[in-house]
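Here is the structure we will look at, set down as C-alpha cells.
The values are calculated or read from the model by the stated rules, or taken from the named source; none is laboratory data. All values derive from a computational prediction rather than experimental measurement. Using ideal geometry, Cβ is built from the backbone for each residue, glycine included, and neighbour counts are taken over all protein chains shown. For accessibility, only protein heavy atoms count, side chains too; no ligands or nucleic acids. Shrake-Rupley method; radii C 1.70, N 1.55, O 1.52, S 1.80 Å.
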Amino acid sequence: VLKNKFKALETEQRLNSARMDPHFFFNALSSIQTLSMDEENNKKVPSLISKFSKIMRQSLESTYDELSTIEEEVSFLTNYLDIQKLRYNNKFDYEIKVDDNLEIDELKVLGMLLQPFIENAIEHGFKNIDYKGELKISFFKEHDSLKVELSDNGVGFNTEALHKEYPSRATQIISDRLMLLNKRHKTKAGYNLSKNPTGKGI
C-alpha cells in the first residue's frame, strides 16, 4: 500500500511540473508583440492578451484541480488554438463540435489532456504542408461513455514511426494522468492513436 501511495505521489509531482511547454508562452508573447507593432492588426492585441491570460490561468489551476468541465475545456482549447493560429500565420483552421445532449457545465474531463496531441498536430503534422491544415475536435456520447475525437489532415505517420511522432515522455505523462484518474475515480479512461482513413494526419 505504501509503495503504491509513493508511486502515485511521485507521478503527481512529475505531472505538476510537466504541464504546458514554457516555450509556447514565450513564442506566443513574441507573436503578440510583433502584432502590436503592425498598424493594420494591432487592434487584435487586447483580445489576444485576454486569451493568453486565460490560458495561463487555466494552466496554473490545472495543477490544483485535475478535472475541468467540458465547457471550461472547450474555452481553453479555443483560446489556445486562436493563439496558435496567430503564431503560425493562419496556416490551419479548426473546428470544435460538442454534442447537444452533453451537459457541458456539469460533465467533467481530465483538463488539458488534448493539448499535447493538438500541439503535436500543429507543430509536426502541419510543419511542411503546402495546403491549409484542418483540425477537428468532437465531444460526444457513445453508449455510456464520453468520447473525445481529434483528427487532422497533416503529414500523418506510419505505424512503425508512431512512437517517434509522439515522444515517449509525452505519452508516458498522458498514461500516468489517466492511470491516476482511473485509480481515484474508478473510471476506465484511455486513449487510442490511429491513422486517419484519408491517409493524412490522425
Excluding ligands, DNA and RNA, the carbon-plus-sulfur percentage of the accessible area of the range 11-118 with a 1.4 Å probe reads 49
Computed over all unlike Cα pairs, the Kirkwood hydrodynamic radius of the range 44-139 in Å stands at 14.2
Relative contact order as a percentage, the range 33-179, C-alpha pairs under 8 Å and 6+ apart, gives 20
For the range 69-118 the mean separation of alpha carbon contacts under 8 Å (6+ apart) over residue count, i.e. relative contact order in percent, is 63
In the structure shown, of Lys108/Lys188; Lys7/Lys186; Lys54/Lys91; Lys97/Lys186; Lys97/Lys127; Lys3/Lys108, the pairs separated by more than 20 angstrom at the C-alpha atoms are Lys54/Lys91; Lys97/Lys186; Lys97/Lys127; Lys3/Lys108
Rounded to the nearest 0.05, FRET efficiency between Glu39 and Asp82 (Cβ-Cβ, R0 30 Å) equals 0.90
One finds, for Ser175 and Lys195 with R0 = 25 angstrom and r their Cβ-Cβ distance, a FRET efficiency to the nearest 0.05 of 0.75
The simple spin-label model distance between Glu123 and Asn182, using points 7 Å out along Cα→Cβ, in nm, is 2.7
Rounded to whole angstrom, the alpha-carbon centroid of the range 81-114 lies from that of the range 48-76 at a distance of 11
FRET efficiency for Arg57 and Val1 from the Cβ-Cβ distance with R0 = 30 Å, rounded to 0.05, comes out at 0.25
Under the 7 Å Cα-to-Cβ spin-label approximation, Phe140 and Lys97 lie apart by a distance in nanometres of 0.5
